[in-house]
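Following: one structure in C-alpha cells, then a few remarks.
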Amino acid sequence: MRPVLFHVDGVPVYAYGTFFLLALLAVLGLVLSEARRRHWPKEEVVPILLAAFVGGMVGARLSILFFNGWQTAPETLNFLALFDPRIGPGSLLGGIGGAYAGGYIASRAIGKAGCACDAFAPAMAIGNAIGRIGIFLAGVDGLGKPTNLPWGVQLPGDNYLVHPAPLYDAAFDIAWFVMLMALRDHKSMQNGNLLKFGVAGYAVVRFFIEFVRNNRVIVAGLTGQQFVCLGLLAIVAGYYLLRRVRKPAAQVV
C-alpha cells in the first residue's frame, strides 16, 4: 500500500486523489480523441468536455451520500475539500456516471445531432481502471474482505490477508476497454448501443465484486453499489424492452 505517493515541499500527494484526477483526465482525453475521430466540431466538443468534467466532480461527491449515508453530508458537501484524504474526492463510480450525465446534458443543450454517448463507453472503462489502482494504493475501505487465497494482500497493521478487490475491478475494466474499442465501429453498436452494452457488462461484474468488498450494506445483504448496478441493468433492459414493444406498433398500417 502507498496512500501517499510522494511529498512536494512537505505537502503530501495522496494516491486516491491523484489517480481520481488521472482517471477523469483519461476519460476526457479519450472522449476528445474519439470526438476528433468522429469529426465533431470544436463548438460541440468543448462544452461537452467541460460539462463532463464538472459532472464527474459533482457526481463523485454526491454519490457518497447514497453509498455511505447522510451522516457524511458535512464533509461530502464541502466541495472546497475535494482532496481531503479522510474521504477522498468521492466515489469513482459516481464520478464516471456524473461525467457521462454532464456530457449528455451538454450535448442535448447545444442541439448536437445524433448520440454522443458511445464516445464515453471505452473512456469510462479505462478511467475506472486507473481510478481503481489509486483505490488499491490508498487501501480504501480495507480493500476487501478477509481471504486465504494466495493472491490476498496484507494491509499495514493487520495479520491477515484480504481480497485486492480494486484490482479485480481494474483487471476487468482493462479487458472491457479493449473489447469496447474493438466494437466501437460495429454497425450494431451505434446510436447508444455501445454505451449500454458497456454499462450492462460492468454492472454485472461489479455486482459480484461487491460481495468481497467492505462497502456498507443497506438492505437484504446488498450494498448501495449493488443497488446501483441492479438499477443500471433494469434501465438498459427496460430501454430495449420498450423499443421492442414500440417497433411492431410503429409498423402497423
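Odds and ends about this structure:
- When the residues of the stretch 111-144 are filtered to those that are part of a loop (DSSP other than H, G, I, E, B) and either modelled with pLDDT of 80 or more or on the phi > 0 side of the Ramachandran plot (or both), the one that is surrounded by the fewest Cβ atoms within 10 Å (Cβ to Cβ) is Gly111.
- Filter pass, Pro166 being touching a residue at least 40 places away in the same chain (Cβ under 8 Å), out of contact with any strand residue (DSSP E or B) (no Cβ under 8 Å at 6 or more places or on another chain) and not β-branched (Val, Ile, Thr): no
- Note on the stretch 151-209: residues that are surrounded by 14 or more Cβ atoms within 10 Å (Cβ to Cβ), in contact with a Cys (Cβ under 7 Å, 6 or more places away or on another chain) and under 16 Å from Glu34 (Cβ atoms) amount to 2.
- Every residue from the stretch 200-212 that is touching a residue at least 60 places away in the same chain (Cβ under 8 Å) and within 16 Å of the chain's Cα centre (by Cα): Tyr202, Arg206
- Every pair of residues 6+ apart whose Cβ atoms lie under 6 Å, when the first sits in the stretch 47-65 and is under 19 Å from Leu77 (Cα atoms) while the second is of a type in the set (Ser, Thr, Tyr) and buried (at least 20 other Cβ atoms within 10 Å of the Cβ): Ala60/Ser91; Arg61/Thr76; Ser63/Ser91; Ile64/Thr76; Ile64/Ser91; Leu65/Thr76
- Filtering the stretch 79-103 to residues that are surrounded by fewer than 21 Cβ atoms within 10 Å (Cβ to Cβ) and modelled with pLDDT of 70 or more leaves Gly97, Ala101.
- Per-region count, the stretch 145-163, residues over 21 Å from Ala15 (Cα atoms) and not in a loop (DSSP other than H, G, I, E, B): 2
The values are calculated or read from the model by the stated rules, or taken from the named source; none is laboratory data. No experiment lies behind these values; they were computed from the predicted model shown. Cβ sites come from the backbone with ideal geometry, for glycine too, and all protein chains shown count toward neighbours.
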